[in-house]
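Accompanying notes for the structure given below.
The values are calculated or read from the model by the stated rules, or taken from the named source; none is laboratory data. Keep in mind that this is a model prediction, so the values were computed, not measured. Positions of Cβ are generated from backbone atoms using ideal geometry, with glycine treated the same way; all protein chains shown enter the neighbour counts. To get the accessible areas, we keep the full protein, side chains included, count just its heavy atoms, and leave off ligands, DNA and RNA. Shrake-Rupley method; radii C 1.70, N 1.55, O 1.52, S 1.80 Å.
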Amino acid sequence: MLNVLDGWKNGLSKKLSVQALSALLLLSAASAYSAPKTVLVLGDSLSAEYGLARGAGWVALAEQKLKAQKIDATVVNASVSGETTSGGRSRLPALLQKYKPALVVIELGANDGLRGLPVAAAETNLRAMADAAAKADARVMLIGMRMPPNYGRDYADKFFAMYGSLSKEIKAPLVPFMLDGVADKPQLFQPDRLHPLAEAHTTILANIWPVLQKSIKAK
């Protein structure tokens, strides 16, 4: 009789343990599913609100729009004025480890172009960043840039085409030109003629938002 009771108790104990484990797994899965996605923006002064009041740039506007549309995502703006693709490449590993983003938005290359640096070097750095993000289980979204015509037609064309070809290669969504509708309007720029005024950032966000929204919602 004792053997029967012991067997029954052991069976019940195992059953409870399995049920408890299943409950914990379900709770963990639910928690992971409901946790907000982290979006890491790695950019230069165009994303770092250079010359603007805090909260006036497109990244902050995007965060406001995400909240307004009840899209569960947290935005980390790791943009630095003057940043190049080389600088972004060196900073990214630590940022991936710290924030564990689901999506990395790379808005870099403008400063490489303005300095006349080789297009191939910028492309290599962007590819390396995409590889680092992929190894950290993060998706990548690219934001492209154009160079002014005074840099030479050949260089400007190669620079712009770099984003499109890389986007196809790494299968990353692309915003071809973030300053579309802004670059040809001098009145929308600060006195330095390089950085858009706050009112231009609504147009910048309009260029970026469709791709950003789709990228955040992608599984």
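Which residue out of LEU197, LEU212, LEU188 is among the hydrophobic types (A, V, I, L, M, F, W, C), more than 18 Å from THR84 (Cα to Cα) and in contact with a strand residue (DSSP E or B) (Cβ under 6 Å, 6 or more places away or on another chain)?
Sole residue among the options that is among the hydrophobic types (A, V, I, L, M, F, W, C), more than 18 Å from THR84 (Cα to Cα) and in contact with a strand residue (DSSP E or B) (Cβ under 6 Å, 6 or more places away or on another chain): LEU188.
So which of ALA110, ALA120, ALA136, ALA102 is more than 13 Å from LEU42 (Cα to Cα) and either crowded, with 24+ Cβ neighbours inside 10 Å or touching a Lys or Arg at 6+ places or on another chain (Cβ under 6 Å) (or both)? Working first, answer last.
On the way: ALA110 fails: more than 13 Å from LEU42 (Cα to Cα); ALA120 fails: either crowded, with 24+ Cβ neighbours inside 10 Å or touching a Lys or Arg at 6+ places or on another chain (Cβ under 6 Å) (or both); ALA136 fails: either crowded, with 24+ Cβ neighbours inside 10 Å or touching a Lys or Arg at 6+ places or on another chain (Cβ under 6 Å) (or both).
Of the residues listed, the single one that is more than 13 Å from LEU42 (Cα to Cα) and either crowded, with 24+ Cβ neighbours inside 10 Å or touching a Lys or Arg at 6+ places or on another chain (Cβ under 6 Å) (or both) is ALA102.
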Tally time: how many residues in segment 122-181 are under 24 Å from ILE216 (Cβ atoms), part of a helix (DSSP H, G or I) and touching an Asp or Glu at 6+ places or on another chain (Cβ under 7 Å)?
1
For segment 38-64, pairs from a residue that is under 15 Å from LEU142 (Cβ atoms) to a residue that is basic (Lys, Arg) and open to solvent by 10 Å² or more (accessible area, probe 1.4 Å), with Cβ under 8 Å and 6 or more apart or across chains, are LEU42/ARG91
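For segment 195-219, enumerate the residues that are at pLDDT 95 or above and either part of a loop (DSSP other than H, G, I, E, B) or among the aromatic types (Phe, Trp, Tyr) (or both).
First, the residues of segment 195-219 that are at pLDDT 95 or above: 195-216.
Those that are at pLDDT 95 or above and either part of a loop (DSSP other than H, G, I, E, B) or among the aromatic types (Phe, Trp, Tyr) (or both): HIS195, LEU197, TRP209.
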Just give me the residues in segment 69-79 being over 14 Å from the mean Cα position of the chain (by Cα) and open to solvent by less than 80 Å² (accessible area, probe 1.4 Å), in sequence order.
ILE71
